[in-house]
Ligand SMILES: [Zn+2]
Ligand SMILES: [Zn+2]
C-alpha cells in the first residue's frame, strides 16, 4: 500500500512551523488515542500513521530528508536489503538508530550515505528581511586532497582491498538472537584499506577548507524562516549525494518597529496640545517619512493605521500595514511662562471634569462603584 504524505496525515502545510506540527499532532493523537477508541482498528491505524508522521516531521534532519527524498529518505529499512521486515511488534527503526547512530542511508547495499544537512544561523536587520537582500556566507567544507587526488593513499601507492571484510564493506554482527549486517569498522564501508596513508590528508582523501556562498534572502522572510541551498551540506560518503544547507534567518530587534507577521507596530508620541486640538505628525516608515492626521481629542493608546506600510509576505505580493500607537507626551523642562499658562488652564478646567476629562470621569465613577 502506498504511504500517505506525512504533511497530509497531520493536515499541515509543507512550510508549517515546528509549533504548528506539534499542535496538529497533539490534536490528532488525542482524537485517535487507543484509550479513547477501544476496539477500533481504524483509529489504531490512524494513530500509528499520525505518530509516524510526527516522528519524522518533528525532527529537522529527518524532515529535510523527507522533503527531498520522500518516504525513501526516512525509511529506516531502506538500504538494508529488505532485512528489516517481519519482526512482529518489534520497533526495528529504533534498533537501527542505536547501532548506526541514526545515519541516513541513501539506498542500495553499497554503504552509500547521503551527507548530513547543515544549518547556518543568519542575523539580518528588519529592513533586510522586509526588502530582501543578498548575503555572502563562509562555511566550512571539504575538498579532495590535491596530494593524493582523493584516494587517501600516499602518492605513488594505491588503496588495497580491505582485509577485514574482503572488499564487501559490510560484516555480520550478532544482536541477541538475530544477526544483522553492519558496516565494516576497518574500511567504513568503502571495501578499501589504506596501508600507506597520504601525508597531507592522513588517509581521509579530503581536506578541510572553506567556501563562500551567495545567499539570496527573499523579501518578506521572518524570524526562523529556512532557505534551502540544495547540495551545499556535508558531502555524501561513497558516492552518496551531499546534504543540504539550511540558512535560518534571525531578524534583529529594530529600534522603532516591532513586527507581527506582515504588520509593523510603532509608538507615536504626540504633544498633548496636538492630542487635544488635532493636527498632523510625521512618522517614519521603512521607506521614508509619511504624514499622519491626528484627530482632535485623541487619547493615548489610540492606533492609527497607515495602509501598505508594513512588510510584504514572503509568498505573496500584498503588504501589511503600519500600526501607530499614540502616546500623549507629558511636557518636561517647562519655563515659568509655560507653567503659568498650564496652571491657568487647569484652574479654568477644574470645575468641569465630566466635560473635559472623560477618562478621569470614568475612573472616578468606577471608584465610586467600588467603594459603594
Ligand atoms: Zn591526501
Ligand atoms: Zn572493510
Roughly what % antiparallel, to the nearest 5, for the DSSP beta bridges in the chain?
75
So what is the diffusion coefficient of the range 281-370 in µm² per second by Stokes-Einstein at 37 °C and 0.692 mPa s, using a Kirkwood Rh over Cα pairs?
194
By how many degrees, between 0 and 90 and to the nearest 10, does the Cα long axis of helix 18-32 differ from the longest principal axis of the chain?
80
Pairs of alpha carbons in the chain whose separation is greater than 32 Å (percent)
59
So if R0 is 51 Å, what FRET efficiency would residue 293 and residue 226 give, r being the distance between their Cβ atoms, rounded to the nearest 0.05?
0.80
Calculate, for residue 345 and residue 365, the FRET efficiency according to 1/(1 + (r/R0)^6) with r their C-beta to C-beta distance and R0 25 Å; round to the nearest 0.05.
0.55
Counting only the backbone N, which residues of the range 309-347 are under 12 Å from the spot 7 Å out from the Cα of residue 300 toward its beta-carbon?
326-331
Full-stretch length increase - residue 206, residue 61 - with 0.36 nm per residue and alpha-carbon distance subtracted:
49.8 nm
Tell me the relative contact order for the range 292-337 as a rounded percent, counting alpha carbon contacts under 8 Å between residues six or more apart.
36
Kirkwood hydrodynamic radius for the range 222-372: how many Å is it when counted over pairs of different Cα atoms?
20.2
Assuming R0 = 30 Å, can you tell me the calculated FRET efficiency for the pair residue 27 and residue 131, based on Cβ-Cβ distance, to the nearest 0.05?
0.20
Would you look at the GNM of the chain, springs on alpha carbons closer than 10 Å, and say which of 59, 287, 222 moves the most?
287
For the chain, find the longest principal axis of its Cα atoms and tell me its angle to the long axis of helix 358-371, 0 to 90°, nearest 10.
80
Can you give the relative contact order of the chain as a percent, counting alpha carbon pairs under 8 Å and 6+ residues apart?
13
Based on DSSP H runs of at least 4 residues, each adding -39500 (n - 2.57), what is the mean residue ellipticity at 222 nm of the chain after dividing by all its residues, to the nearest 500 deg cm²/dmol?
-8000 deg cm²/dmol
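Each value in this text was obtained by applying a stated rule to the coordinates, not by laboratory testing. Here the structure is a predicted model, which is why all the values come from computation and not from measurement. Note: ideal-geometry Cβ built from the backbone for every residue, glycine included; neighbour counts use all protein chains shown.
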